[in-house]
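The values are calculated or read from the model by the stated rules, or taken from the named source; none is laboratory data. Values in this document were obtained by computation on a predicted structure and should not be read as measured data. Methodologically, a virtual Cβ is constructed for each residue, glycine included, from the backbone with ideal geometry; neighbour enumeration extends over all protein chains shown. Ligands, DNA and RNA are stripped out before the accessible areas are found, and what is left, the full protein with its side chains, is counted by its heavy atoms. Shrake-Rupley method; radii C 1.70, N 1.55, O 1.52, S 1.80 Å.
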Amino acid sequence: QVKGLHLNPPSKGFLLLPFGESLIQDSQFTRKNLRHVIHLLTTELKARGTKTPHVFLPFRLRIGDSKLERFLMGLFPRNGELAPPDIYTPLIQRTDEFTLICSLKYLWCRLPNLEVIGWDVYLEFKRLEKAAGYPRNAFLQIMPKCLSLQAHALIVYDFLDLLISVSLNSQYNFLSGR
């Protein structure tokens, strides 16, 4: 039991926290701090989750808050600080893909400025891409110039790589975008 954490009655099975409070320290949600765990989550989802039907859709019956909260408590076990990779790597490998995608969404939404890429970055990319004459490899050439940190670039590439992998398996996961 984490200090200050109150559980609902056992039959409910999920954590009860006042609105706006978190067990995870805000200082943990930096791109540099999360880049490795996001990369492992993305890699694991690409390995076994891209063919899972409706894996990206929210509010699935097989997804419960209790699974996500237990998983996050495993990622951030000590006073809300991220566990070392030797702790969270096996945790990621034994967690179901629905909980993994929920945790990835949870982390994406808590990155600086509450964004993976960001509107300002997109507008800068668009401006530089136009100035360069829309080269075929614009994303790989220009996007890194628009991002402030290498950690940010790695998160963006993992994000888009996962979206591409899910799109390529739309015949299995039923997420064709239609």
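Brief remarks on what is shown
- Shown are ARG110, ARG31, whose ranking by accessible area with a 1.4 Å probe and every protein chain present, most to least, is ARG110, ARG31.
- Expressed as a whole percent, the accessible area of region 123-178 that falls on carbon and sulfur atoms is 57 (1.4 Å probe).
- With protein chains left intact and a 1.4 Å probe, residues in region 88-178 average 60 Å² of accessible area per residue.
- Restraint check, LYS46/LYS126; LYS51/LYS105; LYS32/LYS145; LYS51/LYS126; LYS46/LYS130; LYS67/LYS105, Cα-Cα greater than 24 Å: LYS46/LYS126; LYS51/LYS126; LYS46/LYS130
- Net charge of neighbours whose Cβ lies under 12 Å from the Cβ of ILE142, counting Lys and Arg as +1 and Asp and Glu as -1: +3
- Gyration tensor (alpha-carbon) shape descriptor, region 28-178, a/c threshold 1.5: oblate
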